[in-house]
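Below: one structure, written as structure tokens.
The values are calculated or read from the model by the stated rules, or taken from the named source; none is laboratory data. Keep in mind the model is a prediction, meaning the values are calculated, not measured. Neighbour counts run over all protein chains shown; Cβ positions are idealised from the backbone, glycine included.
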């Protein structure tokens, strides 16, 4: 055996059946060993595409997936996807090829010693939970096993293992007692640190939960905020049981959408920068806000931190204590525990309690629904222009009742999807780039979702700007015959930044009036079925036709280029005063 075989042994022992990769010389030993063990090799057209495909599978499965790239440009190309996984708590194991140990620059006063050498550990230290450089074969199995466990434990995230070429190729002698010959025992792996605090699935403090129950018993205007932590801990069932039994309104973070079915009368959609004004009103005027698995970042709260929930108590329930320690939002009660365990006990403690009648509060929220209904009535452009929100609503309606994974890129279309598509975890799920906000997330993530769940209807709703970041992955769609439905919302703008520029400087250099190619022709050249939609009257029939097609299809929708995200929370505004509804 050689070192690469030991690496693959460790992966097989953990049930890994697929690697997501882009090949290169310094990682070739691992790839050949994996093929000999009948591990499936998904080879994307770019390292970023490979890692985003793995990221989607990890989000859907909740288990770490394995990304494999070569040294040098392989490492630098994959960093965006790894950062995305880090900021959105997605478990990935990244295996990177590296030059031989004798070619490592180390502390020498050189820029580079080996061909395609980069300091992988240094480059990835800020966006991975832990980093390992393996310098001898004796620790390969142990290191890969430890890295895999770290990626999926506590608060999930990516972990990198850097693998010099000579370590992968080194011959090892196995024996039944020690596993690896003693000639290698004196060597070790360098572990360069863990950026996440130790987070195990902690049980909640019962006294703190009793305090929360007592506050609920006196509250008049309660709101629950469901963050992605609810979904990561699979606590949606426990959340819904509490919400439905006691009729408590629920808002969501962007990544928490679907924790409550968005069609529910108790769901307020999502709140924040591009959220629902009704949710913002309810949170801002609540007298008790219970945030579960949500870090309450600036995109959720706005930058008027001291005015967030000014007349109410804020309860934070989170696995990661660092999110509270570093928060700019006041916390009146912090329950440092696993969401599923906490909500299970909370439900038990609420049994037989006489909670207030919140019907007046719910009626106030319903009045806000009538006053601040999300609309996209014609304001600026010609009447025949397609409204992007209409496209999203039609997709939601046509796909109703189906098992859907809805993937978006980053931009205006991302927020129209969050507002106008119905989500219900885990049957109708949203995959999008949250904390990192990376364009190009869309197509390769849709590929990973479809590979992971062949039975799902995978909708890739993407803007004209975001699509072009990883458009080469259309080749992967065709090669693997994945029946993804790609809906291009083409407004000839980098819309969300264009809107920001227009609001602040009355001009949008480099983001407005963008020239675009004919995306349908490009997709056809790759071998996809295609459809172009330019009139509102064509939207419903065109989308039905696309969703009925039994293979991959790209729908190119030319939409109203003047449509902005309205309302929007601007700097200096509180959640209940979004532009332009309340100036």
Every residue from segment 426-445 that is surrounded by fewer than 21 Cβ atoms within 10 Å (Cβ to Cβ) and more than 26 Å from residue 80 (Cα to Cα): 426, 427
Members of segment 98-129 found to be under 11 Å from residue 160 (Cα atoms) and in contact (Cβ under 8 Å) with a residue 60 or more places away in the chain, listed by number: 121, 125, 128, 129
For residue 309: the one exception among (1) assigned to a strand (DSSP E or B); (2) on the phi > 0 side of the Ramachandran plot: (1)
Total residues in segment 342-371, condition within 20 Å of residue 212 (Cβ to Cβ), without any contact (Cβ under 8 Å) to a residue 24 or more places away in the chain and not in a loop (DSSP other than H, G, I, E, B): 1
Test set (1) modelled with pLDDT of 95 or more; (2) over 30 Å from residue 233 (Cβ atoms); (3) buried (at least 21 other Cβ atoms within 10 Å of the Cβ) - residue 73 fails condition number: (3)
Sole exception among (1) within 17 Å of the chain's Cα centre (by Cα); (2) at positive phi for residue 513, by number: (1)
Among residues of segment 550-563, those that are surrounded by fewer than 20 Cβ atoms within 10 Å (Cβ to Cβ) and assigned to a loop (DSSP other than H, G, I, E, B), counted: 4
Residue in segment 236-249 that is touching a helix residue (DSSP H, G or I) at 6+ places or on another chain (Cβ under 8 Å) and crowded, with 24+ Cβ neighbours inside 10 Å present: yes
Residue match in segment 464-474 (condition: crowded, with 19+ Cβ neighbours inside 10 Å, part of a helix (DSSP H, G or I), under 13 Å from the mean Cα position of the chain (by Cα) and not assigned by TED's automatic domain parsing to the domain that holds residue 20): no
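Scan 570, 575 and give me the residue that is surrounded by fewer than 20 Cβ atoms within 10 Å (Cβ to Cβ) and assigned to a loop (DSSP other than H, G, I, E, B).
Residue meeting the stated conditions: 570.
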Matching residues, segment 274-294, being in a loop (DSSP other than H, G, I, E, B), crowded, with 24+ Cβ neighbours inside 10 Å and touching a helix residue (DSSP H, G or I) at 6+ places or on another chain (Cβ under 6 Å): 293
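Among the residues of segment 221-245, how many are touching a residue at least 24 places away in the same chain (Cβ under 8 Å), over 18 Å from residue 315 (Cα atoms) and part of a helix (DSSP H, G or I)?
So the answer is 5.
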Filter result for residue 495 (at pLDDT below 95 and buried (at least 20 other Cβ atoms within 10 Å of the Cβ)): yes
Total residues in segment 126-150, condition assigned to a loop (DSSP other than H, G, I, E, B) and within 19 Å of residue 2 (Cα to Cα): 2
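Say whether the condition of being under 16 Å from the mean Cα position of the chain (by Cα), closer than 18 Å to residue 254 by Cα and either crowded, with 20+ Cβ neighbours inside 10 Å or outside the structural domain of residue 53 (by TED's automatic domain parsing) (or both) is met by at least one residue in segment 451-460.
Yes, the conditions are met somewhere in segment 451-460.
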Residues satisfying the stated conditions in segment 315-336, i.e. out of contact with any helix residue (DSSP H, G or I) (no Cβ under 6 Å at 6 or more places or on another chain), surrounded by 21 or more Cβ atoms within 10 Å (Cβ to Cβ) and free of Cβ contacts under 8 Å to residues at least 40 places away in the same chain: 323
Residue satisfying all of: in segment 115-125; surrounded by fewer than 20 Cβ atoms within 10 Å (Cβ to Cβ) and assigned to a loop (DSSP other than H, G, I, E, B); farthest from the chain's Cα centre (by Cα) among these: 115
Unique match (being modelled with pLDDT of 95 or more, in a helix (DSSP H, G or I) and farther than 22 Å from residue 253 by Cα) among 417, 488, 478: 478
Residue check for residue 339: in contact (Cβ under 8 Å) with a residue 12 or more places away in the chain, over 14 Å from residue 210 (Cβ atoms), within 23 Å of the chain's Cα centre (by Cα) and surrounded by fewer than 18 Cβ atoms within 10 Å (Cβ to Cβ): no
